[in-house]
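Report on the following structure.
The values are calculated or read from the model by the stated rules, or taken from the named source; none is laboratory data. As the structure is a prediction and not an experimental result, all values here were calculated from the model. Cβ atoms come from the backbone with ideal geometry, glycine included; neighbour counts cover every protein chain shown.
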Amino acid sequence: MIPDEKKQVEWLLMEYFRRSFAEFPKGKLLLSESPDFVLQTNHKSSIGIELTRLHPVNHSGGFPGWDNRFAEESVIGYAKEMVERTEQRKFFVKFLFSEKEPVTASRVATVAAQTARLVRQAALNANSGFFQHSVAEAELPAGVTSLLVMRLPTLQAGIWERANPLGVSGNTVDDIRHSIRKKEEKLTLYQARNLSQYWLLITTDRLRGIKNFNIENKITNHTFRSLFQRVFLFELLKGRVFQLV
């Protein structure tokens, strides 16, 4: 049992990454501190993996008006309540709301009921281990553009949240550099563990470029450098992994 909610979420995201990255090494994954995880690949080799979230230092948008945000939080709260009335298993659910077609106060109850139904449908296929399901956009109610449902048995409380609550990066490359630098400041502490390698996993809910700007090309064509042996950017809503170093 993992008592700390933050650690429960980290374990969930690491399992998601493990299944999304085809080249993830085989081995025993252990919860740790400084770094967050240790992957024991054999008796002589081990990899330390540190998780961090991509903070939009250069945020651009992503902060809806108070009325929209209140409506969105209400949708999440009501949907969570509806599902957990009859479902004892706990889920991690992430909502991405539409900026072009915001949820109005008059539609909160309808959108909450529709998303609750979609989560229940997804839950029918949840097995006893790790579970991840992205609801097809065509099934989503107007105002919601992405819905990610995940579960691990270690999750002891339902965690339902908006995507990109801190805003969307306006300069993703610079924000990635900033995240790498911040974690490199602690690398000496990690290296005290005398592990074989050290990886950094940066998670983000959604990547978005401005009009006529391909953010994926910008990231993949840019050269990043780090003292970590490997650095990854993991886009949660689409399950995409970008190896940066």
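Listed by position, the strands (runs of 3 or more DSSP E) contained in the stretch 126-180 that have at least 1 residues being modelled with pLDDT of 95 or more, in contact with an Asp or Glu (Cβ under 9 Å, 6 or more places away or on another chain) and hydrophobic (A, V, I, L, M, F, W, C) are 144-151, 159-162.
Here the stretch 118-153 is the region considered, the condition is being crowded, with 17+ Cβ neighbours inside 10 Å and hydroxyl-bearing (Ser, Thr, Tyr), and the residue that is nearest to the chain's Cα centre (by Cα) is 146. If I filter the stretch 189-219 down to residues being within 15 Å of residue 47 (Cβ to Cβ) and touching a helix residue (DSSP H, G or I) at 6+ places or on another chain (Cβ under 8 Å), which single residue comes out as surrounded by the fewest Cβ atoms within 10 Å (Cβ to Cβ)? Among them, the one singled out is 198. Within the stretch 1-44, the set of residues being touching a Gly at 6+ places or on another chain (Cβ under 8 Å) and either over 25 Å from residue 158 (Cα atoms) or modelled with pLDDT under 90 (or both) comprises 35, 38, 39, 40, 41, 42.
Can you tell me how many residues in the stretch 220-231 are buried (at least 20 other Cβ atoms within 10 Å of the Cβ) and out of contact with any Asp or Glu (no Cβ under 9 Å at 6 or more places or on another chain)? Of the residues in that region, 1 qualify.
From the list 53, 120, the one residue that fits, being basic (Lys, Arg) and outside the structural domain of residue 237 (by TED's automatic domain parsing), is 120. Within the set 195, 200, the sole residue that is farther than 30 Å from residue 69 by Cα and part of a strand (DSSP E or B) turns out to be 200.
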